[in-house]
Amino acid sequence: MGTFPDKVRIVEVGPRDGLQNEKGEVPTAVKLELIERLADAGLRAIEATAFVSPKWIPQMADHTEVLERIRRKPGVSYPVLTPNLKGYEAAKAAGATEVAVFGAASESFSKKNINCSIAESLERFRPVVDAAIAADIKVRGYISCVAGCPYEGNVKPQMVAEVARALFDMGCYEISLGDTIGVGTPGKIRAMIEACATRVPADKLAGHYHDTYGQALANIYASMELGVATFDSSVSGLGGCPYAKGASGNVATEDVVYLLEGLGIETGIDLDKVVDAGLWISAFLKRDTGSKTARAIAAKRAP
């Protein structure tokens with residue numbers, strides 16, 4: 001037990017990663033209320049939106065309005081995704097204090113997702129990171145497909161470590177390791193983190209695990225044993241298209257908080273309030289919550 005961190009930071013990605021694949025338009029006011037409810041529940045990092053072309057992700061077309069209208073709580077950061085310089089400039093103008101860039105550990109995924117090779121994507125991020133750091137804006141780096149790729153299958157841990165090192169050297173304060181298709185198991189995730197930790201300090205790594213095969217909580221547990229103390233999660237398990245073949249969403253924030261509380265690890269998050277936020281957004285989206293913890297707590301509350 002002594003190997004676990006005393007405290008874990010959760011980065012809530014529901015308002016961005018969770019909502020971006022929703023088919024029906026989610027009104028700006030609903031996004032803002034979700035962000036506010038999550039901040040009230042004690043979440044200290046809430047990914048608010050993505051400054052990407054509405055042509056590619058229509059759901060994020062209101063990015064400027066969302067970022068400008070957030071009622072910012074002291075001590076809470078509201079990072080936004082900025083894949084290129086144009087997105088970064090727009091985010092900065094809207095008041096961003098933290099941005100994120102998105103790379104991949106798989107060449108095929110990089111080409112299909114952002115239309116360029118891994119090396120080209122890193123070169124594309126460099127001016128974004130340089131500009132942000134010069135403006136005193138923090139930059140987080142994401143890596144997709146760290147445990148497997150829909151086109152290539154297995155991804156070598158060494159490949160992930162190289163991309164992580166490049167982003168870290170560029171100036172990203174933290175590298176979020178994304179198991180985009182959720183194929184990772186604790187053994188695979190452990191090998192990947194061990195490889196990354198030889199190139200980037202473990203306390204600068206974060207886990208972003210999708211729950212496609214129900215392995216996300218086990219992967220978080222394995223990551224904590226190796227010193228990782230930051231994890232991305234999504235309220236109600238939002239994210240991934242519920243209708244896409246086998247593409248399950250992010251791990252649910254409620255389930256992660258329940259796990260951590262059970263281990264005596266501090267999160268600063270009020271579980272009941274996160275459950276309320278998740279049930280509220282699920283009701284708006286006309287679907288059941290994707291969180292087992294929320295379902296159990298809601299059943300206990302029922303008269």
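Observations on the structure shown:
- Criterion (in a loop (DSSP other than H, G, I, E, B) and modelled with pLDDT of 95 or more) met by exactly one of 172, 196: 172
- Residues (open to solvent by 10 Å² or more (accessible area, probe 1.4 Å) and either among the aliphatic types (A, V, I, L, M) or touching a Lys or Arg at 6+ places or on another chain (Cβ under 8 Å) (or both)) located in region 53-65: 57, 61, 62
- Of the listed requirements (1) open to solvent by less than 20 Å² (accessible area, probe 1.4 Å); (2) of a type outside the set (Gly, Ala, Ser); (3) part of a helix (DSSP H, G or I), residue 101 misses just one: (3).
- Selection of first residues in region 214-227 that are β-branched (Val, Ile, Thr) and of second residues that are open to solvent by 30 Å² or more (accessible area, probe 1.4 Å) and modelled with pLDDT of 95 or more, restricted to Cβ pairs under 9 Å at least 6 apart or on distinct chains, gives the following pairs, ordered by first then second residue: 220/259.
- Count - residues of region 1-52 that are in contact with a Ser or Thr (Cβ under 8 Å, 6 or more places away or on another chain), open to solvent by 20 Å² or more (accessible area, probe 1.4 Å) and either part of a loop (DSSP other than H, G, I, E, B) or within 15 Å of residue 67 (Cα to Cα) (or both): 1
- Qualifying position, being open to solvent by 10 Å² or more (accessible area, probe 1.4 Å), of a type in the set (Val, Ile, Thr), within 26 Å of residue 299 (Cα to Cα) and under 19 Å from the mean Cα position of the chain (by Cα), among 267, 180: 267
- Residues that are buried (at least 22 other Cβ atoms within 10 Å of the Cβ), among the β-branched types (Val, Ile, Thr) and within 21 Å of the chain's Cα centre (by Cα) are absent from region 104-126 altogether.
- Total residues in region 66-82, condition in a loop (DSSP other than H, G, I, E, B), open to solvent by 10 Å² or more (accessible area, probe 1.4 Å) and in contact with a strand residue (DSSP E or B) (Cβ under 7 Å, 6 or more places away or on another chain): 1
- Residue 162 in contact with a Lys or Arg (Cβ under 8 Å, 6 or more places away or on another chain), open to solvent by 60 Å² or more (accessible area, probe 1.4 Å), of a type in the set (Asp, Glu) and outside any loop (DSSP other than H, G, I, E, B): yes
- Set 273, 300, 292: member being of a type in the set (Lys, Arg), surrounded by fewer than 21 Cβ atoms within 10 Å (Cβ to Cβ) and under 21 Å from residue 47 (Cα atoms): 273
- Residue that is at negative phi, in a loop (DSSP other than H, G, I, E, B) and free of Cβ contacts under 8 Å to residues at least 40 places away in the same chain, where the choices are 86, 55: 55
The values are calculated or read from the model by the stated rules, or taken from the named source; none is laboratory data. Everything quoted here is computed from the prediction, not taken from an experiment. Please note: Cβ atoms are built from the backbone with ideal geometry, for glycine as well, and neighbour counts cover all protein chains shown. Please note that ligands, DNA and RNA were not included when accessible areas were found on the heavy atoms of the full protein model with its side chains. Shrake-Rupley method; radii C 1.70, N 1.55, O 1.52, S 1.80 Å.
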